[in-house]
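What follows is calculated from the coordinates using simple rules that are stated; it is not laboratory data. Remember, predicted model here, so these are calculated numbers, not experimental data. All Cβ positions, even for glycine, are placed from backbone atoms using ideal geometry, and neighbour counts span all protein chains on display.
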Amino acid sequence: MELQHVNVKIFVEGDLSVDPEQFINIFHSWTAEQSCDELLIDVADYRHVPAGPGVVLVGLQADYAMDQAQSRWGLLYNRKAPTEGSNADRFLQAFRAAATACTRLESELPGLKFSRQEFQLFINDRALAPNIPETLASCQADIATFLQSLLGHGNATFAAEPDPRRRFGVLVQTGSNFDLAQFASTA
């Protein structure tokens with residue numbers, strides 16, 4: 001199965017310690033500077049939606065969001081355009097983009113801290129990757145390969161999203177802290 005539309009959500013550690021309105025101005029500045037690998041278009045404010053998308057930086061190839069889905073804040077990278085390579089390569093590309101945004105947000109908003117032990121990896125395409133046991137079985141090795149190459153050890157665990165009404169994905173928990181800056185793109 002060739003997975004596309006890879007999403008990564010790196011959770012905020014603890015409670016959100018900054019006013020979510022600050023993300024609007026930061027994302028507008030990123031758009032003006034075109035400071036990400038993708039073409040950035042606009043910013044949308046969905047803070048009024050309970051447990052919703054929060055503040056979204058809309059791009060052509062991908063979106064970034066300070067997302068509050070399932071009542072948990074985190075930086076969400078949503079890859080919309082297809083990418084080349086293996087599934088593990090696409091997982092790594094999405095994780096690098098998310099890590100880059102997280103480290104940048106931490107530098108621009110003192111007090112904001114993202115988790116170094118937990119993130120979500122999911123596929124934003126229910127037709128390609130329905131949330132059924134067969135999907136997990138077909139990509140379990142790719143997820144394990146990605147985590148091994150990302151972390152350099154096998155101390156990470158991942159559990160599939162149990163609700164079949166949600167998108168296919170896994171919650172990854174590592175055995176030790178990882179360095180977000182190490183994975184941030186250098187472009």
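Points worth noting:
- Distance in nm between pseudo-label sites at residue 132 and residue 182 (7 Å out along the Cβ direction from Cα): 3.9 nm
- Note on residue 25 and residue 161: their simple-model spin labels are 3.4 nm apart, each label 7 Å out from Cα toward Cβ.
- Geometric extent, Cα atoms of the stretch 6-183 - Rg, Dmax (angstrom): 15.5, 43
- Computed extension length for residue 113-residue 39: 24.0 nm, one decimal, from 0.36 nm per residue of separation with the Cα-Cα distance subtracted.
- Relative contact order for the stretch 119-177, counting Cα pairs under 8 Å that sit 6 or more residues apart, in percent: 48 percent
- Charge-dipole axis of the chain as Lys and Arg at +1 and Asp and Glu at -1 on Cβ define it, positive-most pick from 148, 130, 50: 130
- Secondary-structure-derived ellipticity at 222 nm for the chain, considering helices only, amounts to -10000 deg cm²/dmol, per-run term -39500 (n - 2.57) for DSSP H runs with n ≥ 4.
- Contact order normalised by residue count of the stretch 39-118, Cα under 8 Å, 6+ apart, percent: 18 percent
- Between 0 and 90°, nearest 10: helix 133-151 axis offset from the chain longest Cα axis: 60 degrees
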